[in-house]
Amino acid sequence: MGIDYLIGNSFTTQVVPLSVNLDQATSLIVERARQLLNQLIKDRGHDKPPFLPEEFARLQGIKKFVKADLGKVSGVLLRFHDGYVIKVNQNHNPARQNFSCAHEIGHTLLSELKLELNTENIEFRTFNPQAHAIAHSKTRERLCDVAATELLMPELVFREYLSGFGLSVQSIERLANVFKVSIRAAAWRIAEVSTEPCIALLWKPHRSAKPKTLRLAWRAGPGGKSRGKANYMPVHTLVRYPSKLHQAYENDTPVESFKLFKLNTVTKRCPMESRGFGRKETRYVISLAFLDR
Ligand SMILES: [Zn+2]
């Protein structure tokens, strides 16, 4: 979660906002992030990762980054008449701080676009009168994450490194190190941009169910659009002990298995690779399932 404050003069130019749906907004913010990225690549003369938030600062009018104890907040964007200041939570690890800073840069890009989000087709099932406002703000946050992802892990460069390392759970950590992002962010990005269709899944211990049960926390890919893309879901999202996934949870070695996935009415058995990451309470398993193997 981030908080974004506006301080000082706001822009006085009259701009008619562009009314867009979620997919259009996603394309526009990615396009704007790519412009910034291309500018950076041109300036430094190479496209070798990492792409650090500090490198984008001058191009985007960010005066400085300040590390501070922000409690539960990841990052804050402060707008002054002569530029921005980004505050980032010093208690988070460097990979997470990078993502938080890139997310705040995403806010500066989003505000340049002056979009009027048409949330009618954005999913929310509630009778809460504030639902529209909440949907709008959730959508803005999601769009800034999309921008952050493109800035830190540019699609083309990331795909090139992925194909160099090979599509495998073994590549997640290497990619995270090269691009200075978290394991989770790298895994999610693999599913989004991989040429060979794959799904990334994150499993965590389910505290309230039977002991040692693992539950699906999220899944990603292929493609990053909100609709119209293949949306495979594992048939079982709770996994009882013992299992191959538990084997991955208990050791650091990758484990191969098969899993059933559902797409509409079709069920498909896909090969899957899983590996455990993190320690103790924060231990989790990431799987990559391969749709065409
Ligand atoms: Zn935000």
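The values are calculated or read from the model by the stated rules, or taken from the named source; none is laboratory data. A quick note: this is a predicted structure, and the numbers were derived from the prediction, not measured. Please note: Cβ atoms are built from the backbone with ideal geometry, for glycine as well, and neighbour counts cover all protein chains shown.
General remarks:
- Complete set of residues in the stretch 276-293 that are under 25 Å from Thr195 (Cα atoms) and either assigned to a helix (DSSP H, G or I) or under 22 Å from the mean Cα position of the chain (by Cα) (or both): Gly276, Phe277, Val285, Ile286, Ser287, Leu288, Ala289, Phe290, Leu291
- Condition check for Gly106: small (Gly, Ala, Ser), under 21 Å from Gln35 (Cβ atoms) and within 11 Å of the ligand (Cβ to nearest atom): yes
- Filter result for Thr195 (in contact with a Ser or Thr (Cβ under 8 Å, 6 or more places away or on another chain) and among the polar types (S, T, N, Q)): yes
- Single unsatisfied condition, Ala187 versus (1) of a type in the set (Gly, Ala, Ser); (2) at pLDDT below 95; (3) touching a strand residue (DSSP E or B) at 6+ places or on another chain (Cβ under 9 Å): (2)
- Output for the stretch 87-99, where each listed residue is surrounded by fewer than 16 Cβ atoms within 10 Å (Cβ to Cβ) and more than 12 Å from Ala68 (Cα to Cα): Asn93, Pro94
- Lone qualifier among Glu273, Glu256 - being over 24 Å from the mean Cα position of the chain (by Cα) and part of a strand (DSSP E or B): Glu256
Rundown of residues vs (1) surrounded by fewer than 15 Cβ atoms within 10 Å (Cβ to Cβ); (2) at pLDDT 95 or above; (3) under 21 Å from the mean Cα position of the chain (by Cα), yes/no style:
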residue: Val85; (1), (2), (3): no, yes, no
residue: Cys101; (1), (2), (3): no, yes, yes
residue: Gly106; (1), (2), (3): no, yes, yes
residue: Arg125; (1), (2), (3): yes, no, no
residue: Cys144; (1), (2), (3): no, yes, yes
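- Criterion applied to Leu22, Leu36 was being modelled with pLDDT of 95 or more, away from the ligand (no atom under 16 Å from the Cβ) and crowded, with 16+ Cβ neighbours inside 10 Å, and the one residue passing it is Leu36.
- Contact map, the stretch 231-246: residues that are within 15 Å of Ser208 (Cα to Cα) paired with residues that are of a type in the set (Asp, Glu) and loosely packed, with under 14 Cβ neighbours inside 10 Å, Cβ distance under 6 Å, separation 6+ or inter-chain. No pairs are found.
- Tally, over the stretch 66-97, of residues that are touching a residue at least 40 places away in the same chain (Cβ under 8 Å) and under 23 Å from Thr139 (Cβ atoms): 9
- Considering each residue of the stretch 244-264 in turn, none proves to be closer than 16 Å to Ser287 by Cα and at pLDDT below 90.
- Across the stretch 181-223, the number of residues qualifying as basic (Lys, Arg) and either assigned to a strand (DSSP E or B) or crowded, with 19+ Cβ neighbours inside 10 Å (or both) comes to 5.
- Scoring Leu167 on the criteria (1) closer than 24 Å to Glu112 by Cβ; (2) away from the ligand (no atom under 16 Å from the Cβ); (3) of a type in the set (A, V, I, L, M) leaves a single failure, condition (1).
- Among residues of the stretch 98-119 that are assigned to a helix (DSSP H, G or I), those with a beta-carbon under 7 Å from a residue that is within 15 Å of the ligand (Cβ to nearest atom) and hydroxyl-bearing (Ser, Thr, Tyr) at least six positions away or on a different chain give the pairs Ser100/Ser74; Thr108/Tyr84; Thr119/Thr139.
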